Amino acid sequence: MSQLFVPAETAALMADLAVSARRSPDAYLAAARATLNRILSRPDLLDPSRLSARNPGLSRNLLFGTGEISVWAMVWSPGTVTPVHDHHCSCCFGLLRGALRETWYRPISDTHAVPTLDAVREAGFVACMLPSGPNLHRIANDRPEEAVSIHVYGYDHRTQDTSIHRTYEVAAG
């Protein structure tokens with residue numbers, strides 16, 4: 001088990017979440033949502049050194065990992081944008097600080113997608129989804145200040161580099 005949190009309370013919280021990953025999908029997503037809500041309401045549970053950008057763009061900081069889950073703090077510099085993508089695993093995230101724009105897409109081919117929904121996610125927002133697909137989205141920090149989100153993915157960070165399954169180009173409208 002890779003454990004990078006400092007507080008014992010947080011380590012126990014993450015260990016419980018890892019156990020829940022072996023339960024039904026609905027039970028796991030409920031546990032992930034509850035864990036993210038707890039973390040967002042208690043930022044003192046996180047190591048502050050893992051919540052700052054190491055360089056411009058997106059800084060991914062591993063907080064916790066097992067064979068079932070990996071938990072990351074993502075620090076979004078202003079102007080950072082992900083590609084349109086879907087995930088090969090469950091994906092839950094909560095916004096700790098700042099605001100992010102999440103745009104959802106519908107695939108029209110194996111390589112292109114069109115936007116379907118656009119929303120600004122504020123601090124405290126939590127979302128969870130299974131890899132039942134297609135679940136295509138893009139996240140962007142279009143604000144002038146840094147944003148920090150916490151992500152819980154259903155994959156082993158030691159055997160896979162990322163939760164992204166496939167990326168798409170935005171179709172010309």
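The numbers here are math on the coordinates, done by the rules we state, and not lab data. Values in this document were obtained by computation on a predicted structure and should not be read as measured data. Positions of Cβ are generated from backbone atoms using ideal geometry, with glycine treated the same way; all protein chains shown enter the neighbour counts.
In table form, for the structure just shown:
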{"item": "Separation of the residue 159 and residue 101 label points, Cα + 7 Å toward Cβ, nm", "result": "3.8 nm"}
{"item": "Helix-only mean residue ellipticity at 222 nm for the chain, each DSSP H run of n ≥ 4 adding -39500 (n - 2.57), per residue, nearest 500", "result": "-5500 deg cm²/dmol"}
{"item": "Qualifying trypsin sites (Lys or Arg not before Pro) in segment 73-164, DSSP loop, other Cβ atoms within 10 Å at most 16", "result": "158"}
{"item": "Computed magnitude of the charge dipole of segment 1-137 (debye, nearest 20; Cβ of K, R +1, Cβ of D, E -1)", "result": "160 debye"}
{"item": "The chain: angle of helix 8-20 to the longest principal axis, Cα-based, in degrees nearest 10", "result": "60 degrees"}
{"item": "On Cα atoms only, tilt of 25-41 relative to the major axis of the chain in degrees", "result": "80 degrees"}
{"item": "Between segment 79-116 and segment 135-173, the Cα center-to-center distance that results, in Å", "result": "6 Å"}
{"item": "Low-density loop cleavage sites - GluC sites (Glu not before Pro) in segment 103-173, where at most 16 other Cβ are within 10 Å (DSSP)", "result": "145"}
{"item": "Translational diffusion coefficient (Stokes-Einstein; Kirkwood radius from C-alpha pairs) of the chain at 37 °C, 0.692 mPa s, in µm²/s", "result": "201 µm²/s"}
{"item": "Cut-off under 5 Å, modelled amide H: who pairs with residue 97 long-range", "result": "148"}
